[in-house]
Amino acid sequence: MTDSGIISLRNVSKVYPAARSGRAVAAVDNLNLDIATGEIFGIIGYSGAGKSTVARLINALEPASSGEIVVDGRQVTGVSERQLRKLRLDVGMIFQQFNLFNSKTVRNNVAFPLRVAGTNRADAERRVEEMLRFVGLGDKAGAFPEQLSGGQKQRVGIARALASSPRILLADEATSALDPETTYEVLELLQRVNAELGVTIVTITHEMDVIKALATKVAVMEQGCIVEQGDVFDVFSRPRQASSQRFVSTVIRDIPSDKDLELLRRRHPGRLVTVSFREGEASQNEVFVQLANAGINFELIYGGINDIRGRTFGHLTLALEGPAESIDPVLARIAQYSDVKEVTTRG
Ligand code: ADP
């Protein structure tokens, strides 16, 4: 038993039995995860990594094969269906395809979980109105889902998920069916849900820009396991695992690819180094002053500086000209407080 967060998974596995010809699949494999109250926690991974299974385990839609799950102080493993129903009221959920009832009005969609929970009519009406105002759809209560845009449908989904005042909202690819502008609006709304209503959000996605725009913490999943996790800033500015690096490179393009390097080398015959800059570590100024003081000619040939909620990081690739005996000691000094990668030679 642990009291480390609002959601805690200890050595959790979920094995699906073998289909007639195939082998059993460990969709989640001995996973440990702690999510603190008030966080926006992103789980990213390619299709089949096990993300949705984690979501279904957290809201008790499926039992774990082994391990222990605690959600908002309640044991999820080994409890009765009646207790699980209570737990599910504590966890709202939104989906990629919105999952609204097309034959019900917006008002009745949002009221649905309150009906299920047996909330009295007057309270339910008040709550529905409050939630529709919160998501900016106060004037759409009588509309039907098919009369709404995708972004509006997801707003209804969010209002419905929040109607029973859950402490946790699970968002499963919630913006994957939306265009970029609508995605941005929905992500902004989710940030308000977190900041103004104090709801802990777990967002599952295969899109790293969703993590960048929304999450405070991130876990990278691969084959049922978490291969890397941490603060969004740390994982973006210094991804350690190959799959994290691949996800980060879909959003941050400040490191030259092999193809870019080939072109750069043609134009710059000297030594090329890529230096990383992270807030609180190396400053560009220090690096440039050290190079200049050692009489090394340098030119900035590739790179960028990124911002994650006001914290900056980036990579700059420099072409250096000068004798090895002056360049090497300077690079060694810079390497004490920054990642320096020489990219002159292939590989
Ligand atoms: P993701 O959400 O990251 O795409 P899933 O959690 O949906 O991944 O799936 C993880 C693995 O578990 C996949 O190999 C998938 O085929 C398998 N899986 C998921 N649900 C079931 C199920 N109900 N029965 C059998 N295998 C499943």
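Kindly indicate whether residue 333 is in contact with a Pro (Cβ under 9 Å, 6 or more places away or on another chain), at pLDDT 90 or above, of a type in the set (Lys, Arg) and surrounded by fewer than 18 Cβ atoms within 10 Å (Cβ to Cβ).
Working: in contact with a Pro (Cβ under 9 Å, 6 or more places away or on another chain): no; at pLDDT 90 or above: yes; of a type in the set (Lys, Arg): yes; surrounded by fewer than 18 Cβ atoms within 10 Å (Cβ to Cβ): yes.
Spelling it out, it is not the case that residue 333 is in contact with a Pro (Cβ under 9 Å, 6 or more places away or on another chain), at pLDDT 90 or above, of a type in the set (Lys, Arg) and surrounded by fewer than 18 Cβ atoms within 10 Å (Cβ to Cβ).
Would a scan of segment 10-31 turn up a residue that is within 18 Å of the chain's Cα centre (by Cα), more than 14 Å from the ligand (Cβ to nearest atom) and modelled with pLDDT of 95 or more?
So far as segment 10-31 goes, no, none of its residues is within 18 Å of the chain's Cα centre (by Cα), more than 14 Å from the ligand (Cβ to nearest atom) and modelled with pLDDT of 95 or more.
Looking only at segment 7-27, how many residues end up being hydrophobic (A, V, I, L, M, F, W, C) and in contact with a Gly (Cβ under 8 Å, 6 or more places away or on another chain)?
So in segment 7-27, the residues hydrophobic (A, V, I, L, M, F, W, C) come out as 7, 9, 12, 15, 18-19, 24-27.
After this cut, where a residue has to be in contact with a Gly (Cβ under 8 Å, 6 or more places away or on another chain) as well, the list is 9, 12, 26-27.
Qualifying residue count for the region: 4.
Give me the pairs: first residue in segment 46-63 and at pLDDT 95 or above, second residue hydroxyl-bearing (Ser, Thr, Tyr) and within 6 Å of the ligand (Cβ to nearest atom), beta-carbon distance under 9 Å, and six or more apart or on different chains, which are they?
Between residues of segment 46-63 that are at pLDDT 95 or above and residues that are hydroxyl-bearing (Ser, Thr, Tyr) and within 6 Å of the ligand (Cβ to nearest atom), the close pairs are 53/16.
Could you identify the single residue in 197, 169 that is open to solvent by 60 Å² or more (accessible area, probe 1.4 Å) and more than 16 Å from the ligand (Cβ to nearest atom)?
Values: 169 fails: open to solvent by 60 Å² or more (accessible area, probe 1.4 Å).
Going through 197, 169 in turn, the sole match is 197.
Tally up the residues in segment 117-151 that are exposed (fewer than 13 other Cβ atoms within 10 Å of the Cβ) and of a type outside the set (Lys, Arg), please.
10
The values are calculated or read from the model by the stated rules, or taken from the named source; none is laboratory data. Keep in mind that what you see is a predicted model, and the values were worked out from it rather than measured. Backbone-built Cβ (ideal geometry, glycine too); neighbour counts: all protein chains shown. Areas reflect the complete protein model, heavy atoms only, side chains present, ligands, DNA and RNA absent. Shrake-Rupley method; radii C 1.70, N 1.55, O 1.52, S 1.80 Å.
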